[in-house]
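Below is one structure; the comments refer to it alone.
Read-outs throughout are calculated quantities, based only on the coordinates presented, and are distinct from any laboratory measurement. Since this is a predicted model, take the numbers as computed values, not measurements. Cβ sites come from the backbone with ideal geometry, for glycine too, and all protein chains shown count toward neighbours.
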Amino acid sequence: MVPGSHEEGDPEEAGGEPIPLSALQHAVYCLRQAALIHLERLWADNRFTAEGEVLHAVADKGGGRKARGVRRVMALPLASKRLNLAGVADVVEFPGEPDDPTPCPVEYKRGKPKLHRADEVQLCAQGLCLEEMTGIRVPEGALFYAETRRRVRVPFDADLRQLTEETAAALADVFRSRQTPGPTLHTSRCRACSLKELCRPETVSRPVKTWRRRMLTGLLKEEAP
């Protein structure tokens with residue numbers, strides 16, 4: 001299943017429908033990956049994506065419950081008109097009710113915390129949506145990683161907010177132009193990408209002059225007596 005397919009929003013018309021929240025995570029990891037998935041509609045499962053689908057199965061059922069004084073709402077639809085984003089939060093907690101209605105988005109991830117900020121940007125985007133929807137400032141969220149079985153607190157500071165908004169703007173430009181960007185410069189990320197065979201980063205990254213030279217050389221050899 002294409003990630004984010006349960007979310008509202010389809011960039012089929014440039015600048016029209018909202019961008020799926022899940023696309024921001026892909027864009028931070030690799031803007032080309034985000035375009036292949038959400039613009040060209042390409043997708044391929046691997047072990048990592050399969051584990052992610054299983055992890056989200058419970059949260060995607062929706063509903064809410066209260067435990068230890070904390071109200072939890074699962075599969076909560078979110079949207080931001082300002083950033084043209086829409087999607088679904090795994091869980092939104094309201095730990096301070098009834099005195100403090102400040103929401104706290106919680107995103108479930110397979111694996112463990114990563115060196116890049118893709119997960120944090122997706123979570124921060126959920127926080128920005130909640131702020132616009134509720135009128136309440138959302139200071140932080142949390143990421144729960146299945147491998148470590150630990151929750152990581154993520155403050156929505158100025159740097160993360162800026163990165164999130166810049167990522168949303170970059171995605172909007174991609175969808176508006178309908179041009180799929182070239183591969184990421186972080187080539188180590190390609191190894192774990194389920195789209196590697198569809199993306200073919202080595203071929204795409206090959207300079208045009210080099211490719212043209214090889215083609216001409218081949219044609220000359222064929223024409224030589």
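Annotations for the structure displayed:
- Centre separation in Å (Cα based) which lies between segment 115-190 and segment 22-44: 13 Å
- Only alpha carbons enter this Debye calculation for segment 19-200, each as an equal point scatterer, and the log10 of I(q)/I(0) it gives at q = 0.12, 0.13, 0.14 Å⁻¹ is -0.57, -0.67, -0.77.
- Directionally averaged projected area (convex hull, Cα atoms, segment 60-162), nm²: 6.8 nm²
- Taking all Cα pairs closer than 8 Å and separated by 6 or more residues, the relative contact order of segment 19-200 comes to 26 percent.
- Spin-label model distance (nm) - residue 140 vs residue 81, 7 Å beyond Cα toward Cβ: 3.2 nm
- Applying 0.36 nm per residue to the separation of residue 100 and residue 179 and subtracting their alpha-carbon distance, the gain on full extension is 24.0 nm.
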